[in-house]
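Here's the structure, in structure tokens; my notes come after.
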Amino acid sequence: MGDYPVLPAKSLKSGVELHKIVDENKEQLLGQKCIEKFGGVIPFLLKILSIAKALPLQLHPNKDLASKLHKENPKQFTYDNHKPEIAIAWGHFEVFAGWMPTSEIQALFDSLPPLQKFLPNKQAKCDNETLRSVVETKLKPSDESIKECQRELREIPRENYGKHTYVLDILPRLQDQYSIEDPANLVVLLYVPGTPPPLFSTMNFLTLPASSAIHVPADCPHAYLSGTIAERIARSNNVLNTGFCPRASRTNISLFTSAH
Ligand SMILES: [Zn+2]
């Protein structure tokens with residue numbers, strides 16, 4: 001809900017689009033401060049989401065990148081703004097967001113040999129560039145190698161997963177919702193890099209009870225798995241999707257891995 005020109009809200013009474021109503025009544029509806037700061041538009045969008053199936057693994061570019069992408073490709077990136085999000089859970093809400101500490105992902109790689117093939121040259125330690133290459137390797141492998149990695153992961157004893165046994169519970173659901181070939185299966189569960197620190201990390205898996213909230217800043221990878229939420233986001237629909245979406249929509253893998 002908002003005055004963004006893509007799918008704008010409309011007046012129930014007249015059918016007039018919200019941006020036209022706001023345009024004609026800026027002073028009353030927005031106030032001077034808001035007009036000065038945000039240029040006479042409603043600065044946020046409100047969404048109510050009921051998530052039965054995982055939403056795409058994505059991130060929203062920061063202001064500088066959004067403005068560059070908008071200039072280069074205004075059809076795909078329709079506005080030059082960033083899109084940080086706040087999501088408030090209305091019930092049990094499952095989400096992957098951001099990175100876990102280096103030490104934990106390092107331990108995962110050590111105890112789960114099928115993942116080691118994604119490490120360039122089998123290096124034990126990685127710098128940022130190496131880590132970016134790990135994510136890219138995970139997002140771009142052949143269907144067959146994605147399948148093979150998940151088959152091997154299933155064969156590893158539960159106790160080797162330590163506190164990450166949720167991997168074994170979530171994986172079949174994600175495979176069922178999208179396909180075993182979706183590379184996001186590997187990325188969300190056993191993810192990757194960030195700016196220092198940490199150098200070596202994986203995505204955080206969170207389950208939030210009703211009334212709790214999460215803030216997802218610009219450039220932060222996230223995938224919402226299930227739940228009903230109210231979401232307030234900055235006025236933009238710029239997004240880089242890389243998984244849990246049709247193959248044709250996975251067009252921004254290099255941008256995704258270089259944005260953070
Ligand atoms: Zn998002």
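The values are calculated or read from the model by the stated rules, or taken from the named source; none is laboratory data. All values derive from a computational prediction rather than experimental measurement. Using ideal geometry, Cβ is built from the backbone for each residue, glycine included, and neighbour counts are taken over all protein chains shown. Remember, those area values only see protein heavy atoms, side chains included, never the ligands or the DNA or RNA. Shrake-Rupley method; radii C 1.70, N 1.55, O 1.52, S 1.80 Å.
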**Message:** Looking at the stretch 211-243 only, could you name the residues that are within 12 Å of the ligand (Cβ to nearest atom) and assigned to a loop (DSSP other than H, G, I, E, B)?
**Reply:** 217, 218, 219, 220, 221, 236, 237, 238, 239
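Identify, from the list 167, 135, the residue that is modelled with pLDDT under 80, within 17 Å of residue 56 (Cα to Cα) and assigned to a helix (DSSP H, G or I). If you could, list the steps in order and put the result at the bottom.
Values: 167 fails: within 17 Å of residue 56 (Cα to Cα).
Exactly one of 167, 135 is modelled with pLDDT under 80, within 17 Å of residue 56 (Cα to Cα) and assigned to a helix (DSSP H, G or I), namely 135.
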**Request:** Select from the stretch 23-57 the residues that are closer than 22 Å to residue 244 by Cβ and either basic (Lys, Arg) or touching a helix residue (DSSP H, G or I) at 6+ places or on another chain (Cβ under 8 Å) (or both) and list them in ascending order.
**Result:** 47, 53, 54, 56, 57
**Request:** Being within 15 Å of the ligand (Cβ to nearest atom), touching a residue at least 60 places away in the same chain (Cβ under 8 Å), in a helix (DSSP H, G or I) and open to solvent by less than 80 Å² (accessible area, probe 1.4 Å) narrows it down to one of 66, 54, so name that one.
**Result:** 66
